[in-house]
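Report on the structure given below.
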Amino acid sequence: MRIVGVDYSLSSPCICISDWSTNNYYDCRIFFLTNIKKYNLDIDNIQGDLHLDYSCEEERYYNITNWVLTKLQETDIIYIEGYSHILISPSGHQSALLMQYSFRTNHRSSYK
């Protein structure tokens with residue numbers, strides 16, 4: 001069983017995956033999305049990927065959601081950072097839509 005922390009930022013979302021049995025930073029895998037090419041990297045336990053191009057906000061949410069779903073397993077325990085804070089912030093409606101989209105049923109991941 002794994003513990004997964006998700007930060008659903010729209011500009012640089014991040015995922016940290018840790019095995020349940022260990023409490024060691026070096027046993028965690030950290031993934032993030034970025035628009036900056038020099039951060040498209042894979043060093044030790046940290047991997048950065050570039051955002052996919054998108055033509056509208058819905059496609060952007062879809063791309064981020066698919067990216068997250070490719071990292072998850074069915075038995076993962078998932079913690080989502082700042083959900084209630086997102087809902088009350090002025091720009092929170094975008095992140096709330098992203099979160100809602102992520103939890104829709106019958107969603108299949110196709111992130112490339």
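Approximating the spin labels as points 7 Å out from Cα along Cα→Cβ, the Tyr26-to-Ile78 distance works out to 3.0 nm. Between Leu10 and Tyr39, the distance separating the two model label sites (each 7 Å from Cα on the Cα→Cβ line) works out to 1.7 nm. Given the range 1-78, report the % of alpha carbon pairs whose separation exceeds 20 Å. Tail of P(r) above 20 Å: 33 percent of Cα pairs.
None of the figures in this text is laboratory data; all of them are computed from the coordinates on show. Given the structure is predicted, the values throughout are model-derived calculations rather than measurements. Heads up, the Cβs are rebuilt from the backbone with ideal geometry, glycines too, and the neighbour counts pull from every protein chain shown.
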